[in-house]
Structures are given as structure tokens and as C-alpha cells.
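First up is the structure itself, then whatever we jot down about it.
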Amino acid sequence: MNPREIEREIQTIIDKETAAWNARDAATLVSIFHPDMVWPWPPNPLAHDPASWIFPMGRYDRRRWQESWEELFRTHDMIHNARRTVRIIVSEQGDGAFAVVDVDTQWKNRNTGVVSAWQGRAGKGYSKVNGKWLLIYHTGLLKYPHAGMDDVG
């Protein structure tokens, strides 16, 4: 498969993830993950040193991860969700891909009214397993100077 076709396949997964967040569909979210998925997260969008990052989700566990997002969807309303793919890179072998996605998502807690923002740039790694592309890792969101992230939405 040529790199352009793979890029289109990866973009399809990115779009599927965005649509799942918009629809508050936890089952679709977990369907894109590789069984060995990991998701380190910076404590804030300016924490570029990974030595300070946290690991709240652990290794992928379909039931636990789906329940976590279902809880978020029960307790929060989405204010907006803007995502923009910046770049998709395909390995020379065509068996791995990396995507850079700018994210600007806001949630409002239904009970407290507190708004939380997911804003920054994500690195997303994809691996092809048995003919299917799956998300195998995702770095938490970081803000980078001069990255043009103000125009995500």
C-alpha cells in the first residue's frame, strides 16, 4: 500500500475518534485502540519534560477505559471539540504511522459548572495489526510556541 493510501486510512481513524468524542460514544472510542495501548499524560499543557508526566489510564483495558469515558459523558457536557490534523507520517515499511493532531476540547461539569479544557498538540502512534490500523500510543496534549494552535477551532 502506498503512503498516501495509509495516510488516508489514518485520517479516517482520527475522524472516527473525533466523531466518537462528539457523539459521546465510548464504545467507538475503545474500538480504535491496540490491546497494548498506553497513554502518558502531562500534568499541564506546558509540561514538556516527560519526567513530570502521569499515567492515569495504565495499559489499555477495554472495560476500564470505556467505563471511565462513560462516566465523563454522564457527568459533563461538551462545550466544543475542535481537532485539526497537522501531519501524518508513514514508516518506510508501511506498518507504522504517526499523526500530529491539535486539540481544543472543553467540558463543563453538570453539577459544579467547572469547565475543563483539553488543549494542545497530541502525538498519536498507529500500528497495523492483522490488516487493521490501531492506535497504540497517544501522548497527552502539550502547547508548543509558534505551533499555530490558536486557530484549531
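The values are calculated or read from the model by the stated rules, or taken from the named source; none is laboratory data. Please read all numbers here as calculations on a predicted model, not as lab measurements. Cβ: placed from backbone, ideal geometry, glycine included. Neighbour counts: every protein chain shown. Accessible surface areas use protein heavy atoms only, side chains included; no ligands, DNA or RNA. Shrake-Rupley method; radii C 1.70, N 1.55, O 1.52, S 1.80 Å.
Does Ala20 satisfy the criteria of being out of contact with any Pro (no Cβ under 7 Å at 6 or more places or on another chain), in a loop (DSSP other than H, G, I, E, B) and open to solvent by less than 50 Å² (accessible area, probe 1.4 Å)?
no
Restricting attention to the range 40-63, which residues are in contact (Cβ under 8 Å) with a residue 24 or more places away in the chain, in contact with a Pro (Cβ under 9 Å, 6 or more places away or on another chain) and within 26 Å of Pro145 (Cα to Cα)? Break it down into steps so the answer makes sense when it comes.
Going through the range 40-63, the residues in contact (Cβ under 8 Å) with a residue 24 or more places away in the chain turn out to be 40-42, 45-48, 53, 60, 62.
Still in the running and in contact with a Pro (Cβ under 9 Å, 6 or more places away or on another chain): 40-42, 48, 53, 60, 62.
The answer is Pro40, Trp41, Pro42, His48, Trp53.
Taking first residues from the range 109-132 that are closer than 12 Å to Asp77 by Cβ and partners that are open to solvent by less than 50 Å² (accessible area, probe 1.4 Å) and of a type in the set (Phe, Trp, Tyr), the Cβ contacts under 6 Å between residues at least 6 apart in sequence or on separate chains come to Ser116/Trp107.
Here is a check on your reading of the model: is Asp95 out of contact with any His (no Cβ under 6 Å at 6 or more places or on another chain) and closer than 24 Å to Pro50 by Cα? It is false that Asp95 is out of contact with any His (no Cβ under 6 Å at 6 or more places or on another chain) and closer than 24 Å to Pro50 by Cα. Only one of the numbered conditions (1) closer than 22 Å to Ile14 by Cα; (2) open to solvent by 50 Å² or more (accessible area, probe 1.4 Å) is violated by Arg74, and that is (1). Look at (1) within 16 Å of Arg121 (Cα to Cα); (2) modelled with pLDDT of 90 or more and you find that Pro40 fails only one, number (2). Considering only residues in the range 43-62 that are over 21 Å from Val129 (Cα atoms) and in a helix (DSSP H, G or I), the one that is modelled with the lowest pLDDT turns out to be Pro50. For the range 113-130, filtering for residues that are more than 17 Å from Gln11 (Cβ to Cβ), over 17 Å from the mean Cα position of the chain (by Cα) and not hydrophobic (A, V, I, L, M, F, W, C) leaves 2.
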